[in-house]
Amino acid sequence: TAIYPDGLFFKANKLFGEWGFLAMFVAALTPIPYKVATIASGVFGMALAPMVLGSVLGRGMRFFAEGILLFFFGDLAKRIIDKHFALITVVLAILLVGGFYALGYVL
């Protein structure tokens, strides 16, 4: 279609169906547009509890970590966060998802 590439809607539906909590958690933690993820969770019929839990934990971790860094390192942390925030959060999200995957594989 003209709005989104073919198959993207179904891929996103599958993602939210299988990994709803983790999808919301990663969206809340990373520079992925959070508003798009919250709207998608409703469109795909995601249960409210995992959506809210993933959002609260992801946003909480994101802003708590930023606050701690700013408290202890001040302006230096602000400059680093402003310059490299997207890269830092994407790397951390990949490590986090990889950790969940590894735990699921081991257990």
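The values are calculated or read from the model by the stated rules, or taken from the named source; none is laboratory data. Remember, it's a predicted structure, so these values are computed and weren't measured experimentally. Reconstructed Cβ throughout: ideal geometry from the backbone, glycine too, with neighbour counts over all protein chains shown.
Things worth noting here:
- Residue tally, condition among the aliphatic types (A, V, I, L, M) and without any contact (Cβ under 8 Å) to a residue 12 or more places away in the chain, over region 27-42: 3
- Residues of region 1-32 that turn out to be modelled with pLDDT of 85 or more and at positive phi, as a count: 0
- Failed item in (1) of a type outside the set (A, V, I, L, M, F, W, C); (2) modelled with pLDDT of 90 or more; (3) over 18 Å from residue 12 (Cα atoms), with residue 54 passing the rest: (3)
- Scanning region 86-104 for residues that are farther than 16 Å from residue 23 by Cα, more than 12 Å from the chain's Cα centre (by Cα) and surrounded by 11 or more Cβ atoms within 10 Å (Cβ to Cβ) yields a single hit, 88.
- For the condition more than 13 Å from the chain's Cα centre (by Cα) and surrounded by 15 or more Cβ atoms within 10 Å (Cβ to Cβ), residue 73 does not qualify.
- Being at pLDDT 85 or above, surrounded by fewer than 11 Cβ atoms within 10 Å (Cβ to Cβ) and under 30 Å from residue 10 (Cα atoms) holds for only one residue in 35, 83, and it is 35.
- Matching entry among 24, 61 (being touching a residue at least 12 places away in the same chain (Cβ under 8 Å) and under 10 Å from the mean Cα position of the chain (by Cα)): 24
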